[in-house]
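To start, the structure itself, in C-alpha cells.
The values are calculated or read from the model by the stated rules, or taken from the named source; none is laboratory data. These numbers come from a predicted model, not from an experiment. Every residue, glycine as well, gets a Cβ built from its backbone with ideal geometry; the counts of neighbours run over all protein chains shown.
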Amino acid sequence: MKTLRLFVLLLTAIVSGLVGWVATQITNRASLPTPVLPASSLFTMAVILGVTLVLGIRVWRWRQGKRTRMLNPILAAYTLVLAQACAYVGAVLLGWHGGILFDQLPAWALRSDQTVSLMSLAIMGGGLVMVVVGMIVERFCRIPPEDSGGAGGGVNKRKPEGEGKYA
C-alpha cells in the first residue's frame, strides 16, 4: 500500500473546493439551500477520529513493545486503511467547505445570519484535524526497518520481506 502524499491530499482539497464552489453557485442560482453539512456531522467526525486514534494507538503500542499479546495483522491493515481514508475524507471536506466559504465571503458584511459560513469554518477545521490524524496514525502503522549494523559491517544483506513497510 502506498503512503499518503501531501501533494495528493492538497490536490484533492483543491479539486473538491472547486467542485464545492461550483455546486454552491448552482444551488444559489436555483434558489436552493447551500450544500453545507449540518452540525451533527461534527459529532460523526469526532467519533471517526476517536476510533482511528484508538486503533492507531493500539498498533503504536504494539510496535513499541508495550503489548504482551501479538497484534492481529488484519487489525493493523484495517487501521492503516482507516487512517488513509480519514485523511482523504478530511481533505475532501476541507476543500468542499472551503469552496462554500469562498462563495460566502463577498456577502459576509451584507448578511445578518452567518450560520453557513460558521458551519463551513467548523467543518473545515474538522477536516484539517482528520487529515492530520490520518497522517499520524499512518505513521503509527509503519514497521521500522531492523538495524543492519552488526558484526558483518559492510556485508550487503538482502532485506527481509516486509521491512520498512506497514504493519
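Quick notes on this one:
- The number of residues in segment 9-45 being without any contact (Cβ under 8 Å) to a residue 40 or more places away in the chain and part of a helix (DSSP H, G or I) comes to 7.
- Total residues in segment 89-113, condition in a helix (DSSP H, G or I) and surrounded by fewer than 19 Cβ atoms within 10 Å (Cβ to Cβ): 8
- Selection status of Ile123, within 28 Å of the chain's Cα centre (by Cα), over 14 Å from Leu9 (Cα atoms), assigned to a helix (DSSP H, G or I) and modelled with pLDDT of 95 or more: yes
- Residue match in segment 13-28 (condition: aromatic (Phe, Trp, Tyr), modelled with pLDDT of 90 or more and either loosely packed, with under 14 Cβ neighbours inside 10 Å or within 21 Å of the chain's Cα centre (by Cα) (or both)): no
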